[in-house]
Amino acid sequence: MSNRRVEFTVRLIEEPQVAARLPAWTAYVQSRDQRSPSRWPGWLRVLERSMGHRPYCLEAVGQSSAPALPSRMQGRLAVGSEQIVGLLPLAYVRSLLFGRFLVGLPYLNVGGVLADTDQAAQALVEEAAQLADRLDVRYMELRHESPLEHPRLSERLTSKVHMRLALPSTSDQLWKNFDPKVRNQVRKAERLELTVHWGSLDLLADFYRVFSHNMRDLGTPVFPRSLFRAILEEFPSAAELCVVRMGRKAVAGALLVHGQGMTEVPSASSLRKYNYTCANMLMYWHLLSRAIERGQHCFDFGRSTIDSPTYRFKKQWGAQPAEAVWQYYLRRGTIHEMRPESGRFRLAIRLWRRLPVWLTRLLGPWIVRGIP
């Protein structure tokens, strides 16, 4: 961000105006050369449609002294004679079970403030904190990649890192970079004649069957199937599903979202019963290859705690840790109360693992809608 002086005004946009502003916000994100698809403002519509989260977006608009924008961007970014110089998309998460939260944004690993100047960033955070006060939330959570200094953001969570892999130009080069153990596990899955399938809504049933089963085994309430339908419909040219089958049975599945140079895998699962087949290894090899085919330069495996099993799984593919700083405006309680590792939900996790999968598919979406 720059320290140059820019005159601007911060405006709060909420429904029903959000949908009309999405094209301008998307153009602004693209003009900032943001690689991560998690930055797309269209997620506001996805989360509202599928999770019932009320969308808000703070936009800073003003006369910027930055160089003129490309002609293709000027009309879409303009607000009258003004230009967007900062954005902060937020979702209002609320439930009787857990309370109220303001999050930028749920489900995604990256979010929070995007601004041209420090002034705009500071103003966006201040307005967001005031919105949090009006909504009387427990806390506001901003999912930054690097810290933003503001007196309201008094708490932060840095226990996890983004695991990212810089991609070569060809799959052959990527294959050569792997440890022999990784290559052998992929070959084992191929020898067992597992098949890999790509699609969209046509694969949603298979993907969700695997995903919901895996979430039950982890003791985690499952996201609603409608979330993945909304993602595929909102981003039809960027989001796709991968399913690995053994015969006719789906044994692994993943959601890929391709951004501007970066591919993310927001959700991926495999059935533990079929771990011996190395289906998960075969799937990730194809996910990485798919990103290379799309001309991407980076693959984001998602967040992990350092030295955890998921961290080591991603590390074996060559992924390297990158900073993740989730910052909080805390109004009540602590930021750790809603974290799975806090111990508060230990008994609930054990009980959840004993429930039949069909029941977790009914109860999980209702519970997870209230978790920030």
**Linear extension gain, R134 paired with R248, 0.36 nm per residue minus alpha-carbon span** = 35.8 nm
**Asked** With θ set to phi - 60° and the Karplus curve 6.51 cos²θ - 1.76 cosθ + 1.60, what are the ³J(HN,Hα) couplings of the range 161-167 in order, to the nearest whole Hz, using x for Gly and Pro?
**Response** 10, 7, 9, 10, 10, 6, 8
**Request:** Counting only C-alpha contacts under 8 Å and six or more residues apart, can you give the relative contact order of the chain as a whole percent?
**Result:** 22 percent
**Message:** What do you get for the angle between helix 225-234 and the principal long axis of the chain? Use alpha-carbon atoms, 0 to 90 degrees, nearest ten.
**Reply:** 60 degrees
**Request:** Report, in deg cm²/dmol and to the nearest 500, the calculated mean residue ellipticity at 222 nm for the chain, where each DSSP H run with n ≥ 4 adds -39500 (n - 2.57) and the sum is divided by the residue count.
**Result:** -11000 deg cm²/dmol
**Fill in**
Bounding extents of the range 193-284 in its principal axis frame from Cα atoms, largest first in Å, are 35, 30, 23
**Farthest positive-ward along the range 142-298 dipole, Cα basis, beta-carbon charges - from Y276, L157, T195** = Y276
**Request:** Using a Förster distance of 35 angstrom, determine the FRET efficiency expected from the C-beta separation of R183 and E14, and round it to 0.05.
**Result:** 0.10
**Item:** For V325, distant residues with modelled amide H under 5 Å away
**Value:** H144, E145, S146
**Complete:** Among T305, G261, A291, the residue whose Cα sits farthest towards the positive end of the charge dipole of the range 235-362 (+1 at Cβ of Lys and Arg, -1 at Cβ of Asp and Glu, taken about the Cα centre) is T305
**Message:** If R₀ is 22 angstrom, what is the calculated FRET efficiency for the pair R346 and R272, using the beta carbon separation as r and rounding to 0.05?
**Reply:** 0.60
**Prompt:** What number comes out for the charge environment of R248, summing +1 per Lys or Arg and -1 per Asp or Glu over other residues with Cβ under 14 Å away?
**Reply:** +1
**Fill in**
Any lysines whose Cα falls less than 19 Å from that of K160, other than same-chain ones fewer than 8 residues away, would be K314, K315
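Please give the charge dipole size of the chain, origin at the Cα centre, charges +1 on K and R Cβ atoms and -1 on D and E Cβ atoms. Round to the nearest 20 debye.
Computed charge dipole of the chain: roughly 1640 debye.
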**Asked** If one computes the Cα centroid of the range 246-261 and of the range 277-346, what distance in Å separates the two points?
**Response** 16 Å
**Fill in**
The long-range amide H neighbours of S267, using H built 1.01 Å from N in the peptide plane and a cut-off of under 5 Å, are L255
**Item:** From phi via Karplus (6.51, -1.76, 1.60), per-residue ³J(HN,Hα) for the range 175-190 in Hz, x at Gly/Pro
**Value:** 4, 5, 6, 6, 5, x, 4, 5, 4, 5, 5, 5, 5, 4, 4, 5
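Evaluate 2.2 N^0.38 Å with N set to the residue count of the range 259-340, then give the Cα radius of gyration divided by it.
Ratio of Rg to 2.2 N^0.38 Å for the range 259-340: 1.36.
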**Request:** Pop out the Kirkwood hydrodynamic radius of the chain from its pairwise C-alpha distances, inverse of mean 1/r, in Å to one decimal.
**Result:** 21.7 Å
**Message:** What does the net charge come to around P236 if you take all other residues with beta carbon closer than 13 Å to its beta carbon, with K and R at +1 and D and E at -1?
**Reply:** -3
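We did not get these values from a lab; they are worked out from the coordinates using the rules stated. Please read these numbers as outputs of a predicted model, since none were measured by experiment. Counting neighbours? That spans all protein chains shown, and the Cβs are built from the backbone with ideal geometry, glycine included.
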